[in-house]
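A short worksheet on the structure shown next.
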Amino acid sequence: MLLKDEVEMLRRITLFSGLPPAKLKLLAFTSDRVMYSAGEALFYQGDIGDAAYVILSGKADVLVTTAGGPLKLAEVEQNSIVGEIAILCNTPRTATVRTTTPLEALRIRKDDFLKLLADFPEMAVEIMRVLADRLSQTTAELTEARSRNERMEA
């Protein structure tokens, strides 16, 4: 994929859509293109958060470790971003991301990602929207799971 194609792919991602073309070009240039086969992990739950990943093509599952084994929380695909929580919160990875198909991504190093947020506050607002949506979905799923458990116990 050419640099201009990577820039166009980044522009399609809501998080980056408001960035000027020159900044998108710099982001694409400083990012690493990485490729994974089906079944490979981009990162593991508990790893140090050193980068975020923009999915260019392919799909992956977001998994957490539970006493009963891995639990799938979500599926991510083209134009999704993963790994940003560990960067923003300066905590270990909250989940494992494992590919289900061959996957291509841009790996954005932590320092570059944080600099973008500092330079473009509107991007930080968009990150908050993404995280709020994820929290809302997680809350709804937790509420549903608790309701099922209560019905089973009754």
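For this structure, a couple of remarks:
- Carbon and sulfur %, accessible surface of the chain computed with the full protein complex present, 1.4 Å: 56 percent
- Net charge over other residues, Cβ less than 12 angstrom from the Cβ of Ile127 (K, R count +1; D, E count -1): -2
- The slack in the chain from Thr65 to Leu26, taken as 0.36 nm per residue of separation less the alpha-carbon distance, amounts to 10.4 nm.
- Label of the coordinate-derived value, percent of Cα pairs over 24 Å apart, listed as [x] 54; [y] 36; [z] 26: [y]
- Between Glu40 and Ser147, the modelled labels are 4.1 nm apart [label points 7 Å from Cα along Cα→Cβ].
- Segment 29-63 and segment 116-154 have their alpha-carbon centroids 21 Å apart.
- Principal-axis tilt of helix 21-30 within the chain, Cα atoms, nearest 10 degrees: 70 degrees
- Rounded to the nearest whole angstrom, the semi-axes of the ellipsoid equivalent to segment 39-98, taken from the Cα gyration tensor as √(5λ), stand at 17, 16, 8, largest first.
- Folded to 0 to 90 degrees: helix 121-153 orientation relative to the chain principal axis, Cα: 10 degrees
- Phi to ³J(HN,Hα) by Karplus 6.51 cos²θ - 1.76 cosθ + 1.60 over segment 37-53, Hz, x for Gly, Pro: 7, 4, x, 8, 9, 6, 6, 10, 3, x, 5, 5, x, 10, 6, 10, 10
- Each residue of segment 83-94 is assigned a 3J(HN,Hα), and the resulting list reads x, 6, 4, 4, 5, 5, 9, 6, 10, x, 4, 8 Hz, derived from the Karplus form 6.51 cos²θ - 1.76 cosθ + 1.60 (θ = phi - 60°), x at Gly and Pro.
- Put simply, the amide H of Gly46, placed in the peptide plane, has neighbours under 5 Å in Arg93, Thr94, Ala95, leaving out anything fewer than 5 places away on its chain.
- Total lysine pairs whose alpha carbons fall under 18 Å of each other in the chain (8 or more apart, or interchain): 7
- Using a probe of 1.4 angstrom and keeping all protein chains present, the accessible surface of the chain works out to 58 square angstrom per residue.
- Estimated distance in nm for a label pair at Leu135 and Glu77, the labels positioned 7 Å out from Cα along Cα-to-Cβ: 2.8 nm
- Between helix 110-119 and the chain: long-axis angle, C-alpha atoms, 0 to 90°, nearest 10: 70 degrees
The values are calculated or read from the model by the stated rules, or taken from the named source; none is laboratory data. Bear in mind the structure is a predicted one, so any value in this text is a computation, not a measurement. Note that each Cβ is placed from the backbone with ideal geometry, even for glycine, and that neighbours are counted across all protein chains shown. Ligands, DNA and RNA are excluded from the accessible area calculation, which covers all protein heavy atoms including side chains. Shrake-Rupley method; radii C 1.70, N 1.55, O 1.52, S 1.80 Å.
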